[in-house]
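The values are calculated or read from the model by the stated rules, or taken from the named source; none is laboratory data. Everything numeric in this text was worked out from a predicted model, so none of it was measured. We place every Cβ from the backbone using ideal geometry, glycine too, and count neighbours over all the protein chains shown. For accessibility, only protein heavy atoms count, side chains too; no ligands or nucleic acids. Shrake-Rupley method; radii C 1.70, N 1.55, O 1.52, S 1.80 Å.
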Amino acid sequence: MKKRTAIDLFSGAGGLSQGLKQAGFNVVGAVESIPTYAESYKMNHPKTNLKLSDITKIDPALYMKELGLKGGDLDLLAGCPPCQGYSTIGTRNRGQQNDPRNELIYEVLRFALVFQPKTIMMENVPALDKDERLKRLINDLKKAGYSVDHKVLKMSNYGVPQSRRRMIMLASRFGDIDVVAQELDEDKMKTVRDAIAYLPTSGLDSDPLHDKTDNRSDRIKLRISMTPKDGGSRIDLPDEFQLECHKKTSGFRDVYGRMAWDKPSPTITGGCNNPSKGRFLHPEEDRVITLREAALLQTFPANYKFSLKSGKTGVAMMIGNALPPAFIQFHARTILTHLHSISV
């Protein structure tokens, strides 16, 4: 059977494309504006027609012709527009309600009106679910003949070893399509142990992403070593080892915390190689998680490649900004089932 076709807008390093491919899609096109992200994408998806460009500068009709497609041919248009402007912390701390990136969700509509894909998938942070922009986008898609469903879901219910929550929207030109909401028992959820326990000791193999990333002061190293294993927190430390800024707030308790072996990890973010950015300490070893461990917690394959041209901080951002392939794979299979049921 011929594989269904998909395009990945805002592709980043390729997490969404990886999930689509794992589900069985042929990702024929992708768009990314950041060179190091695009380089990482091409290292893993060399056969995809990748456009390194500001998406607002691309003519969808010309790109469709370049891909050898006509209106209505494409099976799935998928994308995750940049979400920094919608993030809770970003909106609260930096007033990003008017971030121009917030408008990029309408690029999904612009491409959809030209490509007329059979289905659409869009993923983003939970805050977008209540935003007026999403409501306008859905109304415009409905006017264009699409049925739409959207839900906020916990990724740990879909094979991702994280407590991360995300919004996903599905749309179809051929009748109703539902986002599948499922709840797993805790004992069936993937855990940190499932994802990373099998790896060799950091720094003892040839994987540059599994080298130690710590370059801390002696006092920070001592604080890390004193944090109880398997889920300990900075609040477990003696008062003299608490940072002054931490003493002034009851929030941000995950900072300098350890992950727990037998629970999903917290959300992997662009600060995943920095213990001051969240609960990113290894459950047992006295160090922050490695970039390879972060990528595995995002459900990337163990051999997935990332360009190191922007340094390890740049790779951490790529990994944290990526969509977990396992989450996308699940919902892509929902789309495949839908397309099979309507025989188009």
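Per residue, what accessible area does the chain have, given a 1.4 Å probe and all protein chains present, in Å²? Walk me through the numbers on the way to the answer.
Working: 15510 Å² over 344 residues.
About 45 Å² of surface per residue is accessible.
Each peptide among 158-164, 3-9, 48-54, 125-131 gets the average number of other Cβ atoms lying within 10 Å of its residues, and from highest to lowest they stand as 3-9, 158-164, 125-131, 48-54.
Apply the a/c threshold of 1.5 to the C-alpha gyration tensor of region 95-179 and tell me whether it is rounded, prolate or oblate.
Verdict is oblate for region 95-179.
Protein heavy-atom surface of the chain, 1.4 angstrom probe: 50% of the accessible area is carbon and sulfur, with nucleic acids and ligands not counted. Could you tell me the center-to-center distance, by alpha carbons, between region 307-344 and region 186-213 in angstrom? Their Cα centres are 20 Å away from one another. Each of Gln182 and Ser163 was given a label point 7 Å from its Cα along the Cα-to-Cβ line. The distance between the two points is 2.3 nm.
Tell me whether the chain comes out rounded, prolate or oblate; compute the Cα gyration tensor, take square roots of the eigenvalues as a ≥ b ≥ c, and use a/c under 1.5 as the rounded threshold. Taking the square roots of the gyration eigenvalues as a ≥ b ≥ c, the chain is prolate.
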